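Only the coordinates and a few stated rules stand behind these numbers; no lab work does. Remember, predicted model here, so these are calculated numbers, not experimental data. Using ideal geometry, Cβ is built from the backbone for each residue, glycine included, and neighbour counts are taken over all protein chains shown.
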Amino acid sequence: MRLPSFSAFLVIAVLGTGVAQPAPALTNMNGNVESILVQRLSDGKVVYSSGPDRSLTPASVTKVITSAALLHYFGPAHTFKTRFYYSGLRSGDVIQGNLYVKGDGDPLVINEKLWQLAADLRHLGVKSFTGDLIIDNDLFDNEKRDSSRQDGIKASDRAYDAPVSAFGLNFNTLPIAVSPSAKAGQKGRVSFDPYPIPNLPLINNTSTTTGVKSSIQAVRQSRGNQSTLVVSGSIGSQAPMVKVYRSMGNAVTEGGEQLRAFLEASGVLVHGKVKEGSTPVSAKLLYTLESYDLGFIVRGLNHYSNNFIADMLVKRLGAAFPERGEADVDGSGTLKNGVSAIERFLRDEVGIKDKFEIINGSGLDNRNRFSAEQIVKVLTYMHQHMELYPEFLASFPASGLTGTLEKRFKKLGDGEIQGLVRAKTGTLSQPVSVSSLAGYMGHPKHGMLAFAILNNGKSPDNQPTVADFRRRQDQALYEILAKY
């Protein structure tokens, strides 16, 4: 049933008791537009609703839909395979030719994987390549930055606007470690983590101060294919090490140099330049780096709302399941193909027939439009598919305990709601405030509930803050748990 808005009192029969219940804490504030649905999964009974069919911007709650589609198409056990080829002749431990890296859209090629790769090449008896290091991104199209990432082309003090490429390394970011020097007044110690990155300038403008406080800023500046990292600020002489991450300007040269550094640290040298190019048909397969399984990757996507993982996997989805043509052919990994696959999942599998709008899978685009009712349909669909549901549920942060919900719900009641909510958050601040929360809640009377709460500001001059939205969302779920 459809119920009045949060500004009114509602009368609801809880399991047939007929007891009048006050509205939850999400009262309809001035400047707020809402779409809310809380539904019992055992029989579809509506526990609470307010404008459930109203289409709003969900922000990163879009990742609920994206991760559901990924698990549906690929399956939780699927892995991606980055392949390493070589050209030329091998003579003992020397390969007289190039090393080719063919990207497969693995979003978690991170330090641990790179260390094992470098060690394994050493175990294979390879000590040097006389040619170049060629990065093959052919599986994806040439659009490495969509509209949500354009601001990071020339300069960036963030990590999340990194370019998206078929071979992405450490989320296409540059990791920097800053630690204090022995004495106050000296510069701090600044280095790339874990190894120096050749041909990438790192300028240290930091200072060591007394005490334990730190204030570190890092900016990546790019001109053409050359980037420079400038690190400034202060770090206390008794302060712990600080690690910051900044997006790459050029994923080929900067990622390739990071890879070269790992290989060199393991005793494997690549003597030539880092370039982008295609792997020739005649190249010989040397090594395959297999990804973590998709269930594990999706957990990282939703726990930390990682936009790079979302955009990488949407492109990979487009390459594997294009609307027309062959799968996994060069250039088929596009956001358009990936979004089209998500749309087909929503219409053909979940059964959503009413209008929605999805521009990208991360939720960074404020033109995405979904209703609470549509998102709850996705949550219900996943709950009904045992082959997908455990990994899907585990991908969401737990209230008051993990991920983006670690600091929320802690001050409510005696802590009884901690861990009972598993949900994805969503936040945007421009052009209006957006705060969303969607997922599952265990209820002592109703059993498992699926819910979606979408709050959008009406205008920049008339809207609640994101913090206010979040407080009210937490309080509303607590009241539903305690009173309904």
Which percent of Cα-Cα pairs in the chain sits in each 20 Å bin, short to long? 22, 49, 25, 3, 0
Output ordering of 93-100, 184-191 (per-residue mean of other Cβ within 10 Å, highest first) is 93-100, 184-191
Which percent, nearest 5, of DSSP beta bridges in the stretch 81-290 are antiparallel? 60
Determine, from the Cβ-Cβ distance of ILE203 and MET241 and an R0 of 25 Å, the FRET efficiency 1/(1 + (r/R0)^6), rounded to the nearest 0.05. 0.85
At a Cα cut-off below 20 Å, give the aspartates and glutamates reachable from LYS377, other chains included and same-chain residues fewer than 8 away excluded. GLU34, ASP43, ASP53, GLU343, ASP348, GLU349, ASP354, GLU357, GLU387, GLU391
For HIS78 and GLU357, calculate 0.36 nm times their separation in residues minus their Cα-Cα distance, and state this gained length in nm to one decimal. 97.7 nm
Taking only the Cα positions of the stretch 227-266, the convex hull volume per residue in Å³ is 101
How long is the stretch 256-328 along each principal axis, judged by its Cα atoms, biggest number first, in Å? 39, 34, 19
Just to be sure I understand the model, the point goes 7 Å from the Cα along the line to the Cβ. What's the resulting ASN462 to THR228 distance in nm? 4.9
Label model pair LYS273, LYS483: point-to-point distance (7 angstrom along the Cα→beta-carbon line) in nm is 6.9
Quick one: check the C-alpha center-to-center distance for the stretch 418-452 versus the stretch 166-206, whole angstrom. 37
First obtain the Kirkwood hydrodynamic radius of the stretch 81-290 from its Cα pairs, then insert it into the Stokes-Einstein equation at 4 °C and 1.567 mPa s, and state the resulting D in µm² per second as a whole number. 72
Report, by chain and number, residues whose modeled amide H sits under 5 Å from the one on LEU174, excluding near sequence neighbours (fewer than 5 apart, same chain). ARG246, SER247, MET248
Given LYS407/LYS483; LYS410/LYS483; LYS127/LYS187, the pairs whose alpha carbons are separated by over 29 Å: LYS127/LYS187
Compute the length gained on full extension between GLN475 and LYS445: take 0.36 nm times their separation in residues and subtract their Cα-Cα distance, giving the result in nm to one decimal. 9.0 nm
Rounded Å value of the spacing that divides the Cα centres of the stretch 221-243 and the stretch 258-277: 24
Exposed-loop-free span, longest in the chain, where GluC sites (Glu not before Pro) count as exposed if DSSP calls them loop and at most 16 other C-beta atoms lie within 10 Å: 144-322
Relative contact order of the stretch 81-290, pairs being alpha-carbon contacts under 8 Å that are 6 or more residues apart, as %: 29
Just to verify a number: FRET efficiency for ARG324 and ASP193, C-beta to C-beta distance, R0 = 45 Å, to 0.05? 0.55
Amide H contacts of TYR48 (H built 1.01 Å from N, under 5 Å, at least 5 apart or other chain): VAL38
Peptides 207-217, 311-321: what's the order by average Cβ count within 10 Å, highest mean first? 311-321, 207-217
Compute the separation of the alpha-carbon centres of the stretch 340-415 and the stretch 461-484 and state it in Å as a whole number. 18
